[in-house]
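The values are calculated or read from the model by the stated rules, or taken from the named source; none is laboratory data. Given the structure is predicted, the values throughout are model-derived calculations rather than measurements. Cβ sites come from the backbone with ideal geometry, for glycine too, and all protein chains shown count toward neighbours. Just so you know, the surface numbers come from the protein's heavy atoms only, side chains and all, with ligands and any DNA or RNA stripped out. Shrake-Rupley method; radii C 1.70, N 1.55, O 1.52, S 1.80 Å.
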Amino acid sequence: GIAVLLYYLFQAVIARLRFVLDAKTARLLALTSAGLWLLHPLNVSTVLYAVQRMAQLSALFVVTGLLVFMCYRQRWADTGATVGEVLAAGLWLILLTAFAVLSKESGALLPWLIVVLEVCIFQGVWAGRPNRGLRFTGYVLLLLPVGLVFLLLAVTPDSLIGAYARREFTLEERLLTQPRLLWRYLGWIVIPNISDMGFQHDDIITSTGLFAPVTTLLALLGWAIMLVAAFLLRRRHPLLLLALLFFLVGHSMESSLIALEMVYEHRNYLPGTMVCLVMAAVIVLPATRSKSLNVWYPVAGAMTILALLLFIRVHAWSDELTLSRTNLAQHPESSRSNYFYANALLRHYRRADER
């Protein structure tokens, strides 16, 4: 269901950004993007780990809300809207946000993701004309949550720091480590190396300073350079800024201040969607311009590779012992992987004795 909604959302984004003029190519690009996301092996833990059904349900309502916004906003950009129509759209989006939050707390990011779409796609255009006030408001709303976080840290830091008493890392260490992990997440999406994926990632080194390890500083500089470059190229390549902001905003709750576990694959379930659109564009658009290459060859090739990797990962999740053994093989330094594998072996031998 989510993949179908994403197909229509991608179509709406492609149509508005107008970087694909041929309708057939636009449909193929949207279909390829939805297919990449649907078959991506990184999403296995979200689908097969029972408790993460809430992440799927939240993503369903968020994607629905984004599609509703795109449908309304496209019309407003062309012809404007009455107050009643704006209120009606607002009520629908509030309702969908409530459903998303009740499914999982990260659903509260829906309004912020809507602002991302406004800033990157519509850029304040209203009734066929640029509206500077609307454009400025979009940028203010985009930066507002960041400012509120800094205000919260300045006024009541204990409200955040206190939760870290039960963690083996501090707030500062988490904030320093997450930029490195975001690059790792992005790497998993773009190059789905299943040997680096896994359920437990407690073997990842925690950043204790900008130079400990030095990749901490490099990761921070990398994100800063990416943001500046995407902003400067927003007119020629608007999809880059959209995918980057969507990815970072999508991770802003579970990969920032809150005292959660450092790493989980399921956090990429929604933030990776627009990255898949960029990946599909890299696959489809050059092939459509080539006179010697059938566009279906690279599309089918990418889908086949992802389907094979997906099959391997699903097989690893087929039973507890196989999953635990696979996790340990991929992360031998993980204490949790060792613990879960030992427990799985113990239960396996006990069941064998009972027979």
**Message:** Could you order the peptides 31-37, 139-145, 283-289 from most to least packed, using the average number of other C-beta atoms within 10 Å per residue?
**Reply:** 31-37, 283-289, 139-145
**Asked** Roughly speaking, what is the stretch gain from V146 to A15, that is 0.36 nm per residue apart minus the C-alpha to C-alpha distance, in nm to one decimal?
**Response** 44.1 nm
**Prompt:** Mind listing which GluC sites (Glu not before Pro) in the stretch 193-300 are in a DSSP loop and have 16 or fewer other Cβ atoms within 10 Å?
**Reply:** E261
**Asked** Kyte-Doolittle mean at least -0.5 and Cα extent at least 18 Å along the axis: which DSSP H helices of the chain qualify?
**Response** 2-17, 23-39, 53-79, 83-103, 132-155, 171-190, 215-232, 238-251, 273-289, 296-316
**P(r) histogram, all alpha-carbon pairs of the stretch 188-240 included - 10 Å bins from 0, percent** = 20, 29, 37, 15, 0
**Item:** Top positive-direction residue, dipole computed over the chain with Cβ charges, set L321, P179, F10
**Value:** F10
**Request:** Measure off, as a whole percent, the carbon and sulfur share of the 1.4 Å-probe accessible area of the chain, all protein chains present.
**Result:** 69 percent
**Asked** DSSP loop chymotrypsin sites (Phe, Trp or Tyr not before Pro) in the stretch 162-215 with at most 13 other Cβ atoms within 10 Å of their Cβ, which ones?
**Response** F211
**Request:** For W126, enumerate residues with amide H under 5 Å from its amide H, sequence gap 5+ or separate chain, H modeled in the peptide plane.
**Result:** N131
**Request:** Taking only protein heavy atoms into account and a 1.4 Å probe, give the accessible area per residue of the chain in Å².
**Result:** 51 Å²
**Item:** Extension reserve of the E354-L232 stretch, reckoned as 0.36 nm per residue once the Cα distance is removed
**Value:** 37.3 nm
**Asked** Can you pull out the trypsin sites (Lys or Arg not before Pro) in the stretch 1-110 that DSSP calls coil and that have at most 14 other Cβ atoms within 10 Å?
**Response** R18
